[in-house]
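See structure below.
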Amino acid sequence: MNFRTGQALIKLCDENNIAISEAMILRETNYLENNREEVIKKMEHAWSIMKNSAKEALKGDIVSMGGLIGGEAMRINSRRMEGNSPVCGSLMSKAITYAMGVLEVNSSMGLIVAAPTAGSSGVIPGAFLAIQEEMNLTDEVIIKALFNAGAIGYLIAYNATVAGAEGGCQAEVGSASAMAASAITEIMGGTPRQCLHAATSAIANLLGLICDPIGGLVEAPCQQRNAMGVSNALVCSEIALSSIKNIIPFDEAVTVMYNVGRSIPHELRETALGGLAAAPSACGACRKCK
Amino acid sequence: MYAAKEISVFDIIGPNMIGPSSSHTAGALRIARLAKNMVKSSIKQVKFILYGSFAETYQGHGTDHALVAGMLGFDTEDYRIKESFEYAKEAGLHYIFETNSTKQDIHPNTVDIIITNENNEETTVTGVSIGGGRAVIKKINGVDIDLSGDYHTLVIRHKDLPGVVAGVTNVLSQFDINIAFMKLYRENKGTIAYSIIETDQPINEDVIGKIEEFQSVFDAFLIEKL
């Protein structure tokens, strides 16, 4: 049981009457010959790391290696806790808090799950933990949904790229956003087709996003781009669950993302030679970079 | 090309790693861990020469901590990575970092690791971090190789003579070990050759022992699947 495209994945889900998450579990067990129990256990472990990494930044001061970020998650959280109504509601406020917190943990040499990369590691825990808390979901539901996210990420990695150096931030935060959008759609009762529509929207919305880390570090603008990626995921899931379809199918969107990535000049693909990294204030802000 | 591995869900939801960068931190650790496995006796000193992006941003990415952690055998999930310099001191491992910003015609995330063991013998390994925490060893003691650590791997250093490969594969079949990929590299015809065998099943010390009994074999190393 294997699939190489979104179309093949949908066919598999239809024929077997299964969700995308189950199709991915079957690929991992049947096709890659792994034991189901071990695979689930491994994902439980990943989820426990994700949860810790999302909450760690709320416990105390974090100073990043480069000194560009630290304390942001705590400030967003405090604003909500002090009774200020979050501009975009409690779910979104939590999602961006957690997403930005993970990036703080990552940049201070803390433990995270790269999903799909370290630079985009806040998006999935941010979305999943916020939705778990707001909707009282069990860990079991969340762990299953991580396989849905994994399926989308696998299809992007197989048919395009998830590396910022190759495809820019659209390949990192864009992919993470697509993965989260699809998984949340499944959690909320969406069909496999709706999951792919959500993923497609997420990719389409972030198309062309460059990778321009200040000082070459995974700190800024990465942290806020993760907040944007998680918000985009929730937006796209809401759109897809309302049975709104995309004109461009998922597989074409993935190819488009890859082609756009290849036409992004190399100054804007993780080299820190262009974009915000080359802005006059960028050089002065960075403590450790040259 | 290194042996292409199917993408698993845990390559996407993962690796679980100490940040901040899969290529600059997790990938760097993996290179060092693979290199460490190519030295049998205890390691006294290690010199890292960093190239490209590694040379530019290694401090802000903790690449230096990750490399030392890899030499200590730590996993990418290990909280001790951040304090790996302290652990190296405890373990009596000396380390030096050098940067080379002039060499341009190589992969941007490349490191040379020069390892000196307790008998003052040197092993030089060149590794490349290829993204997503994955790494490839490109050179060992000047011989071009390709080794990813995606499989259980046997590295055999032997004389470039007929019959060695036949003997080795025979031993593997006796132990019921299936070969996934096998590659042979040599510096010059008739001198030292490296056989790299990637297998589906784990390899144990008994296998190594049997292989080292061959006259033409200098030594055999086991590289654990990472």
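The values are calculated or read from the model by the stated rules, or taken from the named source; none is laboratory data. Bear in mind that the values here come from a model prediction, so they are computed numbers and not experimental data. Don't worry about glycine lacking a Cβ; one is built from the backbone with ideal geometry, like all the others, and counts go over all protein chains shown.
From the set of residues in region B:21-47 that are among the basic types (Lys, Arg) and more than 14 Å from chain A (Cβ to nearest Cβ), which is nearest to B:Ser148 (Cα to Cα)? Explain how you work it out, then say what you get.
First, the residues of region B:21-47 that are among the basic types (Lys, Arg): B:30, B:33, B:36, B:40, B:44, B:47.
From the residues that got through so far, the ones that are more than 14 Å from chain A (Cβ to nearest Cβ) too are B:33, B:36, B:40, B:44, B:47.
Values: B:Arg33: 11, B:Lys36: 14, B:Lys40: 19, B:Lys44: 25, B:Lys47: 21 Å.
Result: B:Arg33.
For the condition small (Gly, Ala, Ser), surrounded by 14 or more Cβ atoms within 10 Å (Cβ to Cβ), within 11 Å of chain B (Cβ to nearest Cβ) and touching a helix residue (DSSP H, G or I) at 6+ places or on another chain (Cβ under 6 Å), what is the one hit in A:Ser108, A:Ser93, A:Ser21?
Working: A:Ser108 fails: touching a helix residue (DSSP H, G or I) at 6+ places or on another chain (Cβ under 6 Å); A:Ser93 fails: within 11 Å of chain B (Cβ to nearest Cβ).
From the options A:Ser108, A:Ser93, A:Ser21, the qualifying one is A:Ser21.
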Looking at (1) surrounded by fewer than 24 Cβ atoms within 10 Å (Cβ to Cβ); (2) within 24 Å of A:Asn2 (Cα to Cα); (3) of a type outside the set (D, E, K, R), which is the one condition that is false for A:Thr138? (2)
Boolean, A:Asn84 is in a loop (DSSP other than H, G, I, E, B), more than 26 Å from B:Phe10 (Cβ to Cβ) and away from every other protein chain (no Cβ under 11 Å): yes
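Within region A:248-264, does at least one residue satisfy the condition of being over 18 Å from A:Gly153 (Cα atoms) and touching a residue at least 60 places away in the same chain (Cβ under 8 Å)?
Scanning region A:248-264, I find at least one residue that is over 18 Å from A:Gly153 (Cα atoms) and touching a residue at least 60 places away in the same chain (Cβ under 8 Å), so the answer is yes.
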Right, A:Ser64: surrounded by 14 or more Cβ atoms within 10 Å (Cβ to Cβ), outside any helix (DSSP H, G or I) and hydroxyl-bearing (Ser, Thr, Tyr) or not? yes
When you go through A:Leu268, A:Leu241, A:Leu273 one by one, which is the residue that is more than 15 Å from A:Ala204 (Cα to Cα) and either within 14 Å of another protein chain (Cβ to nearest Cβ) or small (Gly, Ala, Ser) (or both)? A:Leu273
Which of the residues that make up region B:1-13 are touching a strand residue (DSSP E or B) at 6+ places or on another chain (Cβ under 7 Å) and at pLDDT 95 or above? B:Ile13
Of the residues in region B:79-103 that are surrounded by fewer than 14 Cβ atoms within 10 Å (Cβ to Cβ) and touching a residue at least 40 places away in the same chain (Cβ under 8 Å), the one that is nearest to the other protein chains (Cβ to nearest Cβ) is B:Tyr79
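If the requirement is being more than 12 Å from chain B (Cβ to nearest Cβ) and farther than 17 Å from B:Val9 by Cβ, which of these qualifies: A:Thr200, A:Thr161? Walk me through how you get there before you give the answer.
Details: A:Thr161 fails: more than 12 Å from chain B (Cβ to nearest Cβ).
Being more than 12 Å from chain B (Cβ to nearest Cβ) and farther than 17 Å from B:Val9 by Cβ holds for just one of A:Thr200, A:Thr161, which is A:Thr200.
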One residue from A:Glu56, A:Glu44 being more than 11 Å from every other protein chain (Cβ to nearest Cβ), within 22 Å of the chain's Cα centre (by Cα) and either aliphatic (A, V, I, L, M) or surrounded by fewer than 17 Cβ atoms within 10 Å (Cβ to Cβ) (or both): A:Glu44
Take the residues in region B:48-71 that are more than 15 Å from the chain's Cα centre (by Cα), under 17 Å from B:Leu34 (Cα atoms) and not β-branched (Val, Ile, Thr), then tell me which one is farthest from the other protein chains (Cβ to nearest Cβ). B:Leu50
